[in-house]
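Report on one structure; see the data block that follows.
The values are calculated or read from the model by the stated rules, or taken from the named source; none is laboratory data. If you're wondering where the values come from, they're calculated on a predicted model, not measured in any experiment. Cβ sites come from the backbone with ideal geometry, for glycine too, and all protein chains shown count toward neighbours. Just the protein is used for accessible areas: all its heavy atoms, side chains included, with ligands, DNA and RNA removed. Shrake-Rupley method; radii C 1.70, N 1.55, O 1.52, S 1.80 Å.
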Amino acid sequence: MASSDTAGNEIALERQNAVLARPMTEMRQLANAVRALAIDGVEAAKSGHPGMPMGMADVATVLWTKFMKFDAADPHWPDRDRFILSAGHGSMLLYALLHLTGYEGMSIDDLRQFRQLGARAAGHPERIEHPAIEMTTGPLGQGISTATGFALAERMLAARFGKGMVDHRTWVIASDGDMMEGVSHEACAIAGHLGLNKLTVFYDDNEISIDGGTDISMTDDVLKRFAGYGWATRRIDGHDPEQIESAIRFALRSRKPTLIACRTIIGFGAPKKAGTPATHGSPLGADEAAAAKALLGWTAPPFTVPDDILAPWRGAGARSAGAHRAWAKRHAASNQRAAFDAALAGDLPPDYTTAMAALREKIAAEKPNIATRQASQMALDAVVPVVPEMVGGSADLTPSNNTFVKSMGVFTAKDHSGRYIHFGVREHGMGTTLNGLALHGGLIPYGGTFFIFSDYCRPAIRLAALMRIRSIFVLTHDSIGLGEDGPTHQPVEHLASFRAMPNVLVLRPGDAMETAECWDIALKHKDGPVLLVLSRQAMPTLPRDHGAENLSARGGYVVAPAEGPRRATILATGSEVALALKAREMLAAEGIAVAVASVPSFELLDRQDPGYRTEVLGEAPRVGVEAAVGFGWERLLGADGTFIGMHGFGASAPYQKLFQHFGITAEAIVAAVKAKL
Ligand SMILES: Cc1ncc(C[n+]2csc(CCOP(=O)(O)OP(=O)(O)O)c2C)c(N)n1
Ligand SMILES: [Mg+2]
């Protein structure tokens with residue numbers, strides 16, 4: 001802990017006394033209700049983080065009672081302002097605000113259940129627990145960075161549907177930890193570059209994190225840093241309602257995103273512990289809790305908000321009901337109403353079905369020998385023009401990821417009509433922005449990078465999975481098949497690691513038709529992120545049924561049956577399906593009949609009934625082939641299966657040489673099958 005702690009604490013207590021010496025106002029009373037509930041929730045749970053809610057109560061109260069546009073009666077109102085508690089450890093702040101403003105589903109009993117099994121008031125805010133929790137937060141940096149996507153979504157939809165339908169703001173509370181996390185640098189740079197002026201971040205500049213004063217690890221000038229990104233900045237006393245108000249008015253007028261650094265005292269009100277890390281993540285304790293309430297002038301019993309304080313809070317919850325009604329009238333009268341509702345529902349338009357069918361016919365007729373990343377481009381060229389909700393981008397790899405469709409146009413600070421985003425070399429910021437776009441509603445976002453750099457955006461993918469949202473990741477250059485760029489660029493463990501992540505759909509198509517099918521699956525998958533894992537190198541069209549059925553949607557299927565009783569099954573994904581087919585021919589020449597199954601998705605195959613699975617996997621010995629590590633393949637191969645793939649990192653060479661070098665060849669498959677007979 002920092003040696004300066006005791007001195008820091010004394011200074012904080014002096015400041016605290018100076019604030020408390022000011023005459024009591026209704027605004028402070030309202031803020032004290034937040035503080036009291038935060039104290040009570042954490043004391044009851046005997047765990048949690050009281051410091052941040054107590055410190056930021058004044059800022060949050062001014063924002064929620066005077067400025068933020070929301071209607072507690074309808075958390076789904078599409079034109080509501082979005083509020084994101086990036087410092088998710090301060091969850092009691094959000095729960096208290098939801099309760100006080102009168103949202104259904106956040107009663108005093110819910111607050112009493114804080115942090116208990118099944119409680120809506122979970123340890124950190126979880127999107128699936130309450131509709132007014134815009135996103136799940138807790139991993140520092142994610143909230144502030146996802147906010148870029150929320151704010152971008154608002155601009156994109158306003159450009160499409162007009163100000164009468166879409167005109168709202170994104171508000172964030174972020175902490176020191178949020179500022180220290182790298183992803184905030186990436187995403188806030190994107191927000192500044194794109195001039196997302198309706199985004200406002202309140203930085204809880206309390207100079208405290210867990211290990212002590214922030215001076216032990218942080219000398220960044222946060223305001224200068226944000227000014228450098230193209231943000232407007234202000235520094236205020238976070239306990240002075242007038243300064244808070246004036247800073248918010250400044251943000252409302254700003255042509256840039258705005259950072260308001262709020263100097264606050266963590267644990268504000270606690271007579272001994274205020275201003276110290278002790279209030280960050282532990283209950284105050286009965287004595288300090290009682291003393292804090294006394295110091296704040298709060299006399300109500302625990303979990304009780306006096307009527308004269310609850311009434312103005314409930315008034316705040318209904319403050320925008322008139323604006324909501326006016327919006328509903330405009331919405332009802334709009335000739336774009338049907339399109340708007342369909343976009344918000346996330347449904348694909350009827351033209352989509354036609355476009356996808358035409359794409360299938362084209363592939364069936366042309367049987368192109370192309371890389372799946374190119375097949376992905378074909379799919380995007382076909383569907384993007386008829387699905388106006390689709391917005392996409394790449395982390396500076398557009399020509400490699402094949403993610404741009406000409407008719408999209410590029411979104412820039414000056415032109416909001418574009419649907420393509422140049423994220424720059426910022427994979428993590430891209431991931432969080434995609435998540436924000438998906439969370440906002442009305443858009444179907446995708447973003448591209450090399451599969452290897454999924455590592456650089458993994459926390460965003462994990463949060464998308466946890467939140468079950470529709471972010472699509474286009475991940476090209478999927479194996480040693482990328483060749484000369486070598487092992488730094490060659491994923492080996494990534495398929496296994498994402499297959500291990502709950503709620504993620506990993507799709508690795510093996511030809512152009514499967515790629516079209518995987519896009520179809522991705523676009524229809526509404527409840528979790530999808531990873532499209534695509535090759536750099538070309539591969540032949542598979543000799544399969546090219547009818548209307550999406551075979552990939554079953555996760556796996558028999559591409560080529562055994563001619564005769566099945567002696568073995570070769571299972572493969574992506575570029576390795578072609579190798580498996582070659583091995584099948586070689587074996588057939590020797591009179592050994594084997595089936596080849598393509599398995600574009602382990603997860604989808606897993607969901608099929610046992611009868612179908614047996615049809616695909618067969619009862620004969622199994623050989624699995626994938627240019628990646630075999631971890632997890634035992635689920636398909638069983639204890640007796642043989643896996644042919646990678647057993648370590650790759651190398652730099654032309655890719656044909658690499659497949660030879662690492663023994664991922666038709667000959668090796670033939671030998672493995674024979675060894676089983
Ligand atoms: C990515 C990530 N790393 C670490 C943590 C654990 N953690 C929770 S809060 C916190 C820092 C607390 O400091 P600050 O962000 O300033 O919050 P305050 O104590 O001021 O409320 C840390 C390291 C986390 N939640 N997320
Ligand atoms: Mg802090």
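Structure notes:
- Leu157 vs. criteria buried (at least 24 other Cβ atoms within 10 Å of the Cβ), part of a loop (DSSP other than H, G, I, E, B), away from ligand 1 (no atom under 16 Å from the Cβ) and touching a residue at least 24 places away in the same chain (Cβ under 8 Å): no
- Only one of the numbered conditions (1) more than 23 Å from Thr61 (Cβ to Cβ); (2) polar (S, T, N, Q); (3) in a strand (DSSP E or B) is not met by Thr146, and that is (3).
- Here Val410, Val384 are screened, and the one residue that is in contact with a strand residue (DSSP E or B) (Cβ under 8 Å, 6 or more places away or on another chain), open to solvent by less than 40 Å² (accessible area, probe 1.4 Å) and at pLDDT 95 or above is Val384.
Matching residues to (1) assigned to a strand (DSSP E or B); (2) in contact (Cβ under 8 Å) with a residue 24 or more places away in the chain:
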site	(1), (2)
Ala364	no, yes
Pro368	no, yes
Ala375	no, yes
Met378	no, yes
Asp381	no, yes
Val384	no, yes
Pro388	no, yes
Gly393	yes, yes
Pro399	no, no
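- Taking the conditions (1) over 21 Å from Met56 (Cα atoms); (2) away from ligand 2 (no atom under 12 Å from the Cβ) in turn, Ser217 satisfies each one other than (2).
- For Trp77, the conditions (1) within 16 Å of ligand 1 (Cβ to nearest atom); (2) within 30 Å of Asp341 (Cβ to Cβ); (3) surrounded by fewer than 24 Cβ atoms within 10 Å (Cβ to Cβ) are fulfilled apart from (1).
Every residue, every condition in (1) away from ligand 1 (no atom under 13 Å from the Cβ); (2) at pLDDT 95 or above; (3) open to solvent by less than 10 Å² (accessible area, probe 1.4 Å), yes or no:
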residue	(1), (2), (3)
Asp167	yes, yes, no
Val183	no, yes, yes
Cys188	yes, yes, yes
Thr200	yes, yes, yes
Asp204	no, yes, yes
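- The residues on offer are Leu93, Leu63, and the sole one that is more than 21 Å from the chain's Cα centre (by Cα), within 23 Å of Gly436 (Cα to Cα), assigned to a helix (DSSP H, G or I) and within 13 Å of ligand 1 (Cβ to nearest atom) is Leu93.
- The residues of the range 140-179 that are within 16 Å of ligand 2 (Cβ to nearest atom) and not aliphatic (A, V, I, L, M), listed by number, are Gly141, Gly143, Ser175, Asp176, Gly177, Asp178.
- Within the range 72-88, being of a type outside the set (S, T, N, Q), within 16 Å of ligand 2 (Cβ to nearest atom) and over 18 Å from Met106 (Cα atoms) holds for one residue alone: Ala87.
- Test for Ile461: is it open to solvent by less than 10 Å² (accessible area, probe 1.4 Å) and touching an Asp or Glu at 6+ places or on another chain (Cβ under 9 Å): no
- Close pairs from the range 567-591: first more than 18 Å from Glu619 (Cβ to Cβ), partner of a type in the set (Asp, Glu), Cβ under 6 Å, at least 6 apart: Thr573/Glu626; Glu576/Glu626
- Filtered by the rule that a residue be touching a Phe, Trp or Tyr at 6+ places or on another chain (Cβ under 6 Å) and either farther than 15 Å from Leu85 by Cβ or away from ligand 1 (no atom under 16 Å from the Cβ) (or both), the range 169-181 gives Thr170, Trp171.
- Odd one out for Cys262 among (1) under 36 Å from the mean Cα position of the chain (by Cα); (2) away from ligand 1 (no atom under 16 Å from the Cβ): (2)
- Checked against the criterion of being free of Cβ contacts under 8 Å to residues at least 60 places away in the same chain and in contact with a Ser or Thr (Cβ under 8 Å, 6 or more places away or on another chain), the range 33-47 contains not a single residue that satisfies it.
- In this structure, Ala261 does satisfy being outside any helix (DSSP H, G or I) and in contact with a Leu (Cβ under 9 Å, 6 or more places away or on another chain).
- Applying the set (1) in contact with a strand residue (DSSP E or B) (Cβ under 8 Å, 6 or more places away or on another chain); (2) part of a helix (DSSP H, G or I); (3) within 16 Å of ligand 1 (Cβ to nearest atom); (4) not aromatic (Phe, Trp, Tyr) to Ala151 leaves exactly one unmet item: (3).
- Some residue of the range 415-425 being out of contact with any Gly (no Cβ under 7 Å at 6 or more places or on another chain) and open to solvent by less than 10 Å² (accessible area, probe 1.4 Å): no
- Considered as a group, the residues in the range 96-117 that are closer than 26 Å to Gly177 by Cα and either in a loop (DSSP other than H, G, I, E, B) or free of Cβ contacts under 8 Å to residues at least 12 places away in the same chain (or both) include one that is farthest from ligand 2 (Cβ to nearest atom), and that residue is Gln116.
- Extreme residue, farthest from ligand 1 (Cβ to nearest atom), among residues of the range 221-245 that are within 21 Å of Lys256 (Cα to Cα) and of a type in the set (D, E, K, R): Glu245
- Residue in the range 250-261 that is crowded, with 18+ Cβ neighbours inside 10 Å and within 22 Å of Gly275 (Cα to Cα) present: yes
- The range 327-362, residues that are among the hydroxyl-bearing types (Ser, Thr, Tyr), touching a residue at least 12 places away in the same chain (Cβ under 8 Å), surrounded by fewer than 17 Cβ atoms within 10 Å (Cβ to Cβ) and assigned to a helix (DSSP H, G or I): Thr354
- Search result, residues across the range 427-455 that are open to solvent by 10 Å² or more (accessible area, probe 1.4 Å), in a helix (DSSP H, G or I) and under 21 Å from Gly483 (Cβ atoms): Ile452, Phe453, Asp455
- Arg120 vs. criteria within 16 Å of ligand 1 (Cβ to nearest atom) and either over 26 Å from Lys198 (Cα atoms) or without any contact (Cβ under 8 Å) to a residue 12 or more places away in the chain (or both): no
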